[in-house]
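A short worksheet on the structure shown next.
The values are calculated or read from the model by the stated rules, or taken from the named source; none is laboratory data. Treat the numbers as computed from the prediction; the structure is a model and nothing was measured. Note that we place each Cβ from the backbone using ideal geometry, even for glycine, and neighbour counts take in every protein chain shown. With ligands, DNA and RNA removed, areas are computed over all heavy atoms of the protein, side chains included. Shrake-Rupley method; radii C 1.70, N 1.55, O 1.52, S 1.80 Å.
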Amino acid sequence: MLSLWSEQEAGGCANELELRVYSSRLLGRDPSLVLHGGGNTSIKIKESNAVGEEEDILYIKGSGWDLETIEAEGFAPVRLQPMIQLAALDALTDPQMVNELKTQLTRANAPAPSVETILHAALPFRYVDHTHADAVVTVTNTADGLRRIEEIYGDLVVVVPYVMPGFDLARDVARLFAEQAGPQTIGMVLMNHGVFSFADSAKESYEQMIHLVDMAERYLAAHNAWELELPAKVSNEVNRVSRLQIAQLRQDVSEQAGRPMILHVTDSARGRAFVRHDELGRISQQGPVTPDHVIRTKAVPMLGRDVEGYMQAYKKYFTAHEPAAKERKTMLDPAPRVILDQDLGLCCLGKSAKDTAIVHDIYEHTMACILRGEKLGGWKALPPEDLFDMEYWDLEQAKLAKGGKTPLFSGEVVLITGAASGIGKACVESFLQRGAAVVGLDIDDRIATVSSETGFLGIQCDLTDEGQVKKALDQSVSRFGGVDMLVLNAGMFPAGTTIAELSLEIWRKVMAVNLDANLVLLRECYPLLKCAPGKGRVVVIGSKNVPAPGPGAGAYSASKAALTQLMRVAALEWGKDGIRMNALHPNAVFDTGIWTDDVLEARAKHYGLSVQQYKTNNLLGVEVLSRQVSELASEMCGPLFASTTAAQLPIDGGNDRVV
């Protein structure tokens, strides 16, 4: 491992707190050191308070902040001396500790200080860095981990046996460090947890962390336990599992979770090799690399697709360890967050696409650490009782609850056609804002860059090509686990042509896009919609031309009318499955792809109006926007329309012919 320190970048820091931000981000940008909120950093600074008294303030990473992106406001300023005094106590309950941390803040709007605040305060250095470095925790999670750590570091580090984070760990660290640290000490290893470095300068503390991790990496390399070679060819067996089977697996997991879940079939090369390990049942069922991960991944992954069996095993795990808890616990959902399957490889699950991506990142590192630990003499994680204590620790659970109110469509998946522009693109944004994972299909290659959100997948697809549609659905289900909602928006609006002049070529092209493609999507998505944990929902973007067709738009009007009729028939057939079908009939939505300047001018001229008059030619005299249509389409998939199906709702500013 190499230092990333740049004197030029560090020189641009205006003060010590900015320097703390800089070195924290250096640690955070390396996923082999910290992942998704893991790790911790702090700095001790002298400051004058409101009455001019000088105080020692500990700035420590606030709960909920990530080292990779942390800002100065992400550090919580806590009075140092009271924290040092607390470290000398024999006992302190979690509620007492949290209260003390909050009441010693010097800024009312600061984030909650880390649960490791007292530990950082107890270390007599201005800068303290803490990571969960893969190399170090790999060594500690082996059968002979303690001896190996001592062999690697000698007296360079103080070694602390595993103690659950919180006050007890801080108290033990304060005592052990005072007893064992010497002038040669540059770090501290918490067994099965992580590694600390410290110094009175940001650069020295950071580079000592890099040095300590590099020593562990070199040790692993020297023992042929660092390089992990994948087999030359590990075939991807996902195609042996249909998208319907994946959706049914997601449905089963969601039922146990008590809410819709995102399921990602990761197509991980390491995952595909890992599930074929001869000792998978032993090495995968011990526990995570560091107990902090248990709140994301559960204690162990599910092997295969027996969700009921996993649930029963989880209940036994809870029943076995709950009686030993300090206070009564309510069982969390027993659904897996990681699945290791011979055909699917590594699958990850979460309450949102973002959570699922975090689980994926964590388990990629977990597999590497397990395999290296095996090479070093045998992987050995913490016992189940320690994992249970962390999983059900109130302070750890609070981290997951900091997201606030759960978004409306969290854990659900929507597929939107014609999503590269206009109403479809607006629908992407509306559904993302409501927490859905969104798949956008469009023939335009710009679809891939419509959104940079983790929960968006843009697929270029010619909807008139049945093979491309099926392939896109396979991609969608592999990425998110299923389809809960379908917005049929893609459409073609040709230039105005009377029936007397309408060619069969144009007629068939319009029908292929506006009608035939939607038949294929409805047919192929039906089994997936049946598996939707919250029941399937479909919104058809029709047109004012359905109730009130206009001259010169025969192909368009007929195709949209046929699509609406198809929606009504589907409502009759699929109501028994709880699938809701509804249509919106927008009119004169001009910020869409089908309204080119030429088409707009032609239609305005046809009615003897200027373009602006044509845009606002409705009872309210308003212009209808894509965003208004997308918001209504989103709401039609929500609880407000839970008892509505086969409805046709205009959104046209009021059209006298429709009225």
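Packing-based ranking of 196-203, 458-465 yields 196-203, 458-465, ordered from highest to lowest mean Cβ neighbour count within 10 Å.
Run the dipole for the chain about the Cα centre, Lys and Arg Cβ at +1, Asp and Glu Cβ at -1, nothing else charged, and hand back the magnitude in debye, nearest 20. Present the calculation step by step, with values, prior to reporting the outcome.
Details: 64 positive and 84 negative charges, 457 e Å.
Value, rounded to 20: 2200 debye.
For D361 and T106, compute 0.36 nm times the residue count separating them, minus their Cα-Cα distance, and round to one decimal in nm.
On the way: separation 255, 0.36 × 255 = 91.80 nm, distance 3.54 nm.
Here the answer is 88.3 nm.
As a calculated quantity, the FRET efficiency between L600 and K329 at R0 = 60 Å, using C-beta atoms, amounts to about 0.45. Local charge for L67 was computed over the other residues whose Cβ lies under 9 Å away, with Lys and Arg +1 and Asp and Glu -1, and equals +1. When you filter the GluC sites (Glu not before Pro) in the stretch 30-80 for DSSP loop state and at most 14 other Cβ atoms inside 10 Å of their Cβ, you are left with E53, E71. Accessible surface of the stretch 277-372, 1.4 Å probe: 52 percent of it comes from carbon and sulfur atoms. Relative to the longest principal axis of the Cα atoms of the chain, the long axis of helix 626-636 makes an angle of roughly 80 degrees. Each stretch of four or more DSSP H residues adds -39500 (n - 2.57); spread over every residue of the chain, this sum gives -12500 deg cm²/dmol at 222 nm.
The label-point distance for T644 and Q312, in a model that sets each label 7 Å from Cα toward Cβ, rounds to 4.5 nm.
A straight chain from T454 to D214 at 0.36 nm per residue would run longer than the Cα-Cα distance by 83.2 nm.
Rolling a 1.4 Å probe over the heavy atoms of the protein chains gives the stretch 86-208 an accessible area of 36 Å² per residue.
Give the peptides 160-173, 496-509 in descending order of average Cβ contacts within 10 Å, highest first. Display every interim value, and only then the final one.
Details: 160-173: 18.6, 496-509: 12.5.
By packing density, highest mean first, the sequence is 160-173, 496-509.
When you restrict to C-alpha pairs under 8 Å that are six or more residues apart and normalise by the size of the stretch 173-328, the relative contact order lands at 17 percent.
List, in the order given, every pair from K329/K530; K329/K375; K425/K544; K351/K425; K316/K380; K316/K530 whose Cα-Cα distance in the structure shown is over 26 Å.
On the way: K329/K530 35 Å; K329/K375 38 Å; K425/K544 20 Å; K351/K425 24 Å; K316/K380 22 Å; K316/K530 32 Å.
Going by Cα-Cα distance, K329/K530; K329/K375; K316/K530 fall outside the 26 Å limit.
Measure nothing fancy, just the Cα-based angle from helix 202-222's long axis to the longest principal axis of the chain, in degrees from 0 to 90, nearest 10. The answer is roughly 90 degrees. Using DSSP to define loop residues, name the trypsin sites (Lys or Arg not before Pro) in the stretch 23-123 whose beta-carbon has at most 15 other beta-carbon atoms within 10 Å. Hits after loop and neighbour filter: R29, R107. About the centre of its Cα atoms, the stretch 508-659 shows a dipole size close to 420 debye [charges on the beta carbon of Lys, Arg (+1) and Asp, Glu (-1) only; nearest 20 debye].
By DSSP, what percent of the beta bridges with both residues in the chain are antiparallel, rounded to the nearest 5?
If we restrict to bridges inside the chain, about 50 percent are antiparallel.
Could you give the semi-axes, largest first, of the ellipsoid that matches the stretch 64-202, computed as the square roots of 5 times the alpha carbon gyration tensor eigenvalues and rounded to whole Å? Please report the intermediate quantities before stating the final value.
Numbers: eigenvalues 137, 57, 43 Å².
With the √(5λ) rule applied to the stretch 64-202, the semi-axes are 26, 17, 15 Å.
The residue list T297, A88, A178 was ranked by how far each Cα lies along the charge dipole of the chain toward its positive end, using unit charges on Cβ atoms, and T297 comes out on top. Among (i) 83, 82, 72; (ii) 83, 56, 53; (iii) 96, 64, 48, which one is Cα extents along the principal axes in Å computed from these coordinates? Read-out from the structure maps to (iii). Helix 16-28 and the long axis of the chain differ in direction by around 70°, with both axes built from C-alpha atoms. Accessible area per residue for the stretch 360-504, computed on protein heavy atoms with a 1.4 Å probe, is 39 Å².
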